[in-house]
Amino acid sequence: EDKVVQSPLSLVVHEGDTVTLNCSYEVTNFRSLLWYKQEKKAPTFLFMLTSSGIEKKSGRLSSILDKKELFSILNITATQTGDSAVYLCAVFPGSARQLTFGSGTQLTVLP
Amino acid sequence: GAGVSQSPRYKVAKRGQDVALRCDPISGHVSLFWYQQALGQGPEFLTYFQNEAQLDKSGLPSDRFFAERPEGSVSTLKIQRTQQEDSAVYLCASSLTRTHYEQYFGPGTRLTVT
């Protein structure tokens with residue numbers, strides 16, 4: 001059975017801290033891994049990773065995939081209160097078209 | 001441009017009632033997905049359409065759940081004889097083509113069954 005596990009489940013930091021969120025997966029015929037940010041509304045797309053070792057970067061956020069060890073990390077530097085959200089990791093397994101999601105990491109950034 | 005929209009945003013139903021949830025995908029998007037998200041969990045796949053064809057409904061939890069997309073654009077998820085365990089947020093997502101992995105999500109419909 002395809003599985004996506006995120007850690008930690010929740011994290012509380014102060015503004016300016018750097019955080020690393022983890023996502024490990026077990027899927028058949030992996031094709032890509034996606035990160036989403038979910039506030040109290042629609043998940044919004046952050047990154048899609050297909051190749052190992054290539055860092056994707058957007059402002060203070062960056063992510064990298066390791067297809068040998070079957071995990072990805074999402075880094076957020078100089079965190080701000082607006083970064084508070086649930087961060088979801090999802091993968092495309094096998095021949096399916098749908099995403100398989102982890103349960104998310106709840107990040108809270110305190111002022 | 002307009003994103004994925006869903007209505008209603010909130011729905012309270014008495015147990016046993018039927019409900020219908022609507023999704024308007026991004027214009028021109030071929031693929032449409034429905035997910036169910038329980039509190040504190042990630043979204044779980046329900047069903048997938050490519051244009052008007054429902055290609056995968058393996059995630060629908062019971063035969064009380066039914067989805068359609070008759071003209072290949074707007075989709076409706078119907079739940080008959082709602083039960084308390086149906087309480088969740090129902091998310092709709094669309095993607096541009098059948099080979100496009102990036103899915104754009106709507107704001108969801110929060111269904112509460114009392």
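Rule-based calculations on the coordinates, nothing more; no lab input. Please read these numbers as outputs of a predicted model, since none were measured by experiment. Cβ sites come from the backbone with ideal geometry, for glycine too, and all protein chains shown count toward neighbours.
The A:Q106 and A:E15 beta-carbon pair, evaluated with R₀ = 22 Å, returns a calculated FRET efficiency of approximately 0.85. Would any residue of the range B:84-114 have its amide N under 18 Å from a label point 7 Å out along Cα→Cβ of B:K57? List them or say none. Correct set: B:91-93.
Given in Å, the Rg to one decimal and the Dmax to the nearest whole number for the Cα atoms of the protein assembly as shown are 17.6, 51. The simple spin-label model puts a point 7 Å past each Cα toward its Cβ; for B:S5 and B:F66 those points are separated by 2.6 nm. Taking 0.36 nm per residue of separation and subtracting the Cα-Cα distance, full extension of the segment from A:K40 to A:K67 would add 6.6 nm. The calculated FRET efficiency for A:E1 paired with B:R81, based on their beta-carbon distance and R0 = 41 Å, is about 0.90.
Quick check on chain A: take the gyration tensor over C-alpha atoms, sort the square-rooted eigenvalues as a ≥ b ≥ c, and tell me if it's rounded (a/c under 1.5), prolate or oblate. The shape class here is prolate.
Summing charges over neighbours of B:E44, with a neighbour being any other residue whose Cβ is under 14 Å away from its Cβ, gives -3 when K and R count +1 and D and E count -1.
Per the Debye formula on identical point scatterers at the alpha carbon atoms of chain B, with no solvent, log10 I(q)/I(0) at q = 0.16 Å⁻¹ is -0.66.
Using 0.36 nm per residue and subtracting the Cα-Cα separation, the extra length available between B:V30 and B:V12 on full extension is 3.4 nm. Between A:E26 and A:I54, the modelled labels are 2.9 nm apart [label points 7 Å from Cα along Cα→Cβ].
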